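Report on the following structure.
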Amino acid sequence: MRAAELLADGIARLRAAGLDGAAGDARVLLAYALDIPRDRLTLAMGDDVSTPAQHRFQTAITARAAYRPVAQIIGRRAFFGRDFAVTPDVLDPRPDTETLIEAALEQPFSRLLDLGTGSGAIALTLLAERPDAQAVAVDLSQPALKVAARNAKALGLSSRVTFLRSDWFGAVGGVFDLIVSNPPYIGVPELADLSRDVRDYEPRMALVPTDDDGSGLAAYRVICAQAQNYLRPGGWLRVEIGYRQGAAVQALFTEAGFDHVSLRKDLSGHARVVSGQAPLGQSPSEL
């Protein structure tokens, strides 16, 4: 069977399963099955596909038709120009989160803390963009930390990042120029509205905060209450938020005493990042 015929069959199966973006997903999965870069796929459309590659593609299409995320099937996801390993133990890094990267890069920093690092995509991207910086990245999930360490090694960043198993700030010491986080922010009542890709396959602890009261704000309350104890004067806290949470999270920043609290929208025009600066002239121990 030629690649073009295989691709058409895959697209038809994904459309029959009710998946949006069936054509794009099928192309990614075919490139994966053929073990070629995606930008070379068009050149391979007239080629005969080996039996093992056909089987690999059909297996991948079956998984995607069951709504398994593409990144979990192929084991990686592109984020801010780099590839990151992805497993069911971590959130799939998404383009929306690149808004947090862009915000973080607006100010200089030499020492950063990433709370709830997951795949490590945020901390490692920031280190790659700032070659002189060092990072501490924490997560409560040991399997997630293993994925993050694997990504650090692949990117040549292992010597500049320390991974810790920690419940937010529990095992963290020291002071940072920048604290970033993409914490769990889905309220339990919202779970039913999530796409099956997310609801059925991504780790629940990375989606729904502990002790959620339905608002999805529990993690932000913890982070805002403690962050200034770990920020140098003038340091920044920046967090990703759900698109309906802008006003509520900004209020938490203000109540915690942050200055210059602001909201940044993503490319779709949705509220995505809240930032605040630790007051100048005070040491963390005085806050």
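Derivation of every value follows stated rules applied to the coordinates shown; laboratory data play no part. Not measured: the values here are computed from a predicted model. Cβ coordinates were reconstructed from backbone atoms using ideal geometry, including for glycine residues, and neighbour counts include every protein chain displayed.
For Rg and Dmax of the Cα atoms in Å, the value calculated from this model appears in (1) 23.7, 76; (2) 20.6, 70; (3) 22.6, 71 under label (2). Amide H to amide H distances under 5 Å link residue 162 with 135, 136, 137, where only residues 5 or more positions off or on other chains count and H is placed in the peptide plane. In this structure, the amide hydrogen of residue 178, modeled 1.01 Å from its nitrogen in the peptide plane, lies closer than 5 angstrom to those of 111, 113, 236, counting only residues at least 5 positions away or on a different chain. Summing charges over neighbours of residue 149, with a neighbour being any other residue whose Cβ is under 14 Å away from its Cβ, gives +2 when K and R count +1 and D and E count -1. About its Cα centre, the chain has a charge dipole of approximately 580 debye under the convention of +1 per Lys or Arg Cβ and -1 per Asp or Glu Cβ, with nothing else charged. Close amide H pairs (under 5 Å, H built 1.01 Å from N) link residue 265 with 272, residues at least 5 positions away or on another chain.
Starting from the range 41-97, pick out the trypsin sites (Lys or Arg not before Pro) whose DSSP state is loop and whose Cβ has at most 11 other Cβ atoms within 10 Å. Please list the in-between numbers first.
Values: sites: 56, 64, 76, 77, 82; in loops: none.
In loop regions of the range 41-97 (DSSP not H, G, I, E or B), there are no sparsely surrounded trypsin sites (Lys or Arg not before Pro).
Ranking 276, 87, 253 by Cα position along the charge dipole of the chain, where only Lys, Arg, Asp and Glu carry charges on their C-beta atoms, puts 87 farthest toward the positive end. Pairs of Cα atoms nearer than 8 Å and 6+ residues apart set the relative contact order; for the range 3-66 it is 44 percent.
In the chain, helices alone account for a calculated mean residue ellipticity at 222 nm of -10500 deg cm²/dmol, with every DSSP H run of four or more residues adding -39,500 (n - 2.57). DSSP assigns beta bridges within the range 88-286; of those with both partners inside it, close to 35 percent run antiparallel.
Protection proxy ranking, highest mean first, for peptides 216-227, 35-46, 262-273: 216-227, 262-273, 35-46, where packing is the per-residue count of other beta-carbon atoms within 10 Å, averaged.
Residue 140 sits among other residues whose Cβ lies under 9 Å from its own Cβ, and their net charge, with Lys and Arg +1 and Asp and Glu -1, is -1.
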